[in-house]
1. Go through the range 64-80 residue by residue and tally those that are assigned to a loop (DSSP other than H, G, I, E, B) and either modelled with pLDDT of 70 or more or more than 23 Å from the chain's Cα centre (by Cα) (or both).
2. Please specify each residue of the range 19-53 satisfying the condition of being assigned to a helix (DSSP H, G or I) and acidic (Asp, Glu).
3. Select from the range 7-30 the residues that are surrounded by 11 or more Cβ atoms within 10 Å (Cβ to Cβ) and over 15 Å from the mean Cα position of the chain (by Cα) and list them in ascending order.
4. Do we have any residue at all in the range 37-45 that's of a type in the set (Asp, Glu) and at pLDDT below 80?
5. Which of the following residues is modelled with pLDDT under 85 and surrounded by 10 or more Cβ atoms within 10 Å (Cβ to Cβ): Met51, Met83?
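The values are calculated or read from the model by the stated rules, or taken from the named source; none is laboratory data. In this text, all values refer to a predicted model and were calculated from it rather than measured experimentally. Heads up, the Cβs are rebuilt from the backbone with ideal geometry, glycines too, and the neighbour counts pull from every protein chain shown.
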Amino acid sequence: MNILLYLKFCCSVEKTAEKIEDACRFTSRLLEHGDAVEILALRRIVGVQLMNLIKNTPKHNVTFSIEFQTDYNQFEKTVKVNMCIIHFIQL
């Protein structure tokens with residue numbers, strides 16, 4: 001899977017999670033502070049919104065793989081450069 005598609009999927013999941021949290025907070029406030037008339041009046045609207053969230057939840061059937069390639073020479077070079085930077089900062 002392309003990394004950009006993966007990031008887009010993760011962003012979509014995060015936004016959906018935020019919407020679900022908002023819906024739960026609203027529903028909790030309604031149940032805690034609403035009277036019978038308010039609860040009955042908003043019951044259908046809340047139900048429709050929750051169903052929309054369920055229908056629009058990102059599909060999790062995404063597959064991807066990560067491949068690690070090791071190059072000892074490149075690793076050694078990177079470590080030396082970073083150690084020089086750390087040494088310079090400490091001075």
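1. Final tally of qualifying residues: 5.
2. Scanning the range 19-53 gives Glu21, Asp22, Glu32, Glu38.
3. Once the filter is applied, which keeps residues that are surrounded by 11 or more Cβ atoms within 10 Å (Cβ to Cβ) and over 15 Å from the mean Cα position of the chain (by Cα), the range 7-30 yields Ala23, Cys24, Phe26, Thr27, Leu30.
4. no
5. Going through Met51, Met83 in turn, just one is modelled with pLDDT under 85 and surrounded by 10 or more Cβ atoms within 10 Å (Cβ to Cβ): Met83.
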